[in-house]
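Chemist: Handing you this structure, nothing more for now.
The values are calculated or read from the model by the stated rules, or taken from the named source; none is laboratory data. These numbers were taken from a predicted model, which means no experiment stands behind them. Don't worry about glycine lacking a Cβ; one is built from the backbone with ideal geometry, like all the others, and counts go over all protein chains shown.
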C-alpha cells in the first residue's frame, strides 16, 4: 500500500505538469516539461516471504524540452524570436533572468523592455535605449539595433553549455548558477517581427494526461482492494473459535 501511495504522489505531480503544459500551449517561448522519476529501493524490515527489497517511486527531477518552437510572424518591429540555441537576457528586481519570450516594447524613456517592464540587456549587460524621435528601428539577424543606419545597441543572446542547469522562476523565465558555463551567440540567431510559439504538442500532452489518469485510477483500485482484503482478514481472524 505504501508503494501505491508513493506512486499516486508522483502521478499527481505528473498530472499537474501535464496540465501546466496544456495551459501554456499559446505562451510565447514556453518549453514543454516532463517529470523524471526513479526507483527508490528500501530493504524490508522482515522478509520471511516475498521480495527482500521494495522499490518505491520517487521524483528525480524536471526535464525540459528546449527544442525550437514554430516562429510566428507578427509584423511588430520590437517582437523578436531566437532561432537555434540561446535566451534573451532581462534585468529584473530579482536579478538577471533568461527567456525565449521576445514580445518586447519601448517604455516612455525609450528603454527596450519585456511585457512586465523588465529591461532587455545588451551584450555588455546594459539596458538598450532607443530614441523615439530617431525613426523606425531595424534589428539585424545578429541582434544589432539601428536607427537611420546608426547602430544603437545589440540584443544579447546567451547560450548555455548545459541548459539543464537553468531553474524556472515563473513568468516563463529562468535563472542560472553564477558558475554555469555560458557564451554570447554572435551569429545569425534573431528574427525581427516574429515570436517563437510554445513547443508544446497538445495531442501528445492530452494523451499523456489520459495515461496518467488511468494509471492513477488503477493504483486507487489496487489500494481499495488491498484495504478490503485486510478488513476481511481482520474480521475473520476476530471471530470466536
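Chemist: Of these, 126, 114, which one is closer than 26 Å to residue 168 by Cα, exposed (fewer than 13 other Cβ atoms within 10 Å of the Cβ), outside the structural domain of residue 29 (by TED's automatic domain parsing) and modelled with pLDDT of 95 or more?
Modeler: Values: 114 fails: exposed (fewer than 13 other Cβ atoms within 10 Å of the Cβ).
Testing whether each residue is closer than 26 Å to residue 168 by Cα, exposed (fewer than 13 other Cβ atoms within 10 Å of the Cβ), outside the structural domain of residue 29 (by TED's automatic domain parsing) and modelled with pLDDT of 95 or more leaves just 126.
Chemist: Here is a further query. Any chance the stretch 64-73 includes a residue that's at pLDDT 95 or above and farther than 17 Å from residue 199 by Cβ?
Modeler: Yes: the stretch 64-73 contains one or more residues that are at pLDDT 95 or above and farther than 17 Å from residue 199 by Cβ.
Chemist: Determine whether residue 49 is at pLDDT 90 or above, surrounded by fewer than 15 Cβ atoms within 10 Å (Cβ to Cβ) and either in contact with a strand residue (DSSP E or B) (Cβ under 7 Å, 6 or more places away or on another chain) or outside the structural domain of residue 164 (by TED's automatic domain parsing) (or both).
Modeler: Details: at pLDDT 90 or above: no; surrounded by fewer than 15 Cβ atoms within 10 Å (Cβ to Cβ): yes; either in contact with a strand residue (DSSP E or B) (Cβ under 7 Å, 6 or more places away or on another chain) or outside the structural domain of residue 164 (by TED's automatic domain parsing) (or both): yes.
So residue 49 fails the test.
Chemist: Please count how many residues of the stretch 180-209 are over 21 Å from residue 22 (Cα atoms) and either part of a strand (DSSP E or B) or touching a helix residue (DSSP H, G or I) at 6+ places or on another chain (Cβ under 9 Å) (or both). If you could, list the steps in order and put the result at the bottom.
Modeler: First pass over the stretch 180-209, keeping only residues over 21 Å from residue 22 (Cα atoms): 180-194.
Add one more test, that the residue is either part of a strand (DSSP E or B) or touching a helix residue (DSSP H, G or I) at 6+ places or on another chain (Cβ under 9 Å) (or both), and what stays is 180-184, 190-192, 194.
Residues in the stretch 180-209 being over 21 Å from residue 22 (Cα atoms) and either part of a strand (DSSP E or B) or touching a helix residue (DSSP H, G or I) at 6+ places or on another chain (Cβ under 9 Å) (or both): 9 in total.
Chemist: Sticking with this one: In the stretch 137-166, what residues are more than 29 Å from residue 179 (Cα to Cα) and either part of a loop (DSSP other than H, G, I, E, B) or touching a strand residue (DSSP E or B) at 6+ places or on another chain (Cβ under 7 Å) (or both)? Working first, answer last.
Modeler: Let us first name the residues in the stretch 137-166 that are more than 29 Å from residue 179 (Cα to Cα), namely 137-140, 145-152.
Scanning the stretch 137-166 gives 137, 138, 139, 140, 145, 146, 147, 148, 149, 151, 152.
Chemist: In addition: Check 154, 159 and return the single one that is in the same structural domain as residue 97 (by TED's automatic domain parsing), within 20 Å of the chain's Cα centre (by Cα) and touching a residue at least 24 places away in the same chain (Cβ under 8 Å).
Modeler: On the way: 154 fails: within 20 Å of the chain's Cα centre (by Cα).
Only one candidate qualifies: 159.
Chemist: Looking only at the stretch 88-123, which residues are in a loop (DSSP other than H, G, I, E, B), at positive phi and in contact with a strand residue (DSSP E or B) (Cβ under 8 Å, 6 or more places away or on another chain)?
Modeler: Of the residues in the stretch 88-123, the ones in a loop (DSSP other than H, G, I, E, B) are 93-94, 100-102, 104, 107-110, 114-118, 123.
With at positive phi added as a condition, the list becomes 110, 117.
Matches in the stretch 88-123: 110 only.
Chemist: Checking residue 177 against (1) surrounded by 14 or more Cβ atoms within 10 Å (Cβ to Cβ); (2) in the same structural domain as residue 117 (by TED's automatic domain parsing); (3) touching a helix residue (DSSP H, G or I) at 6+ places or on another chain (Cβ under 9 Å), which test does it fail?
Modeler: (1)
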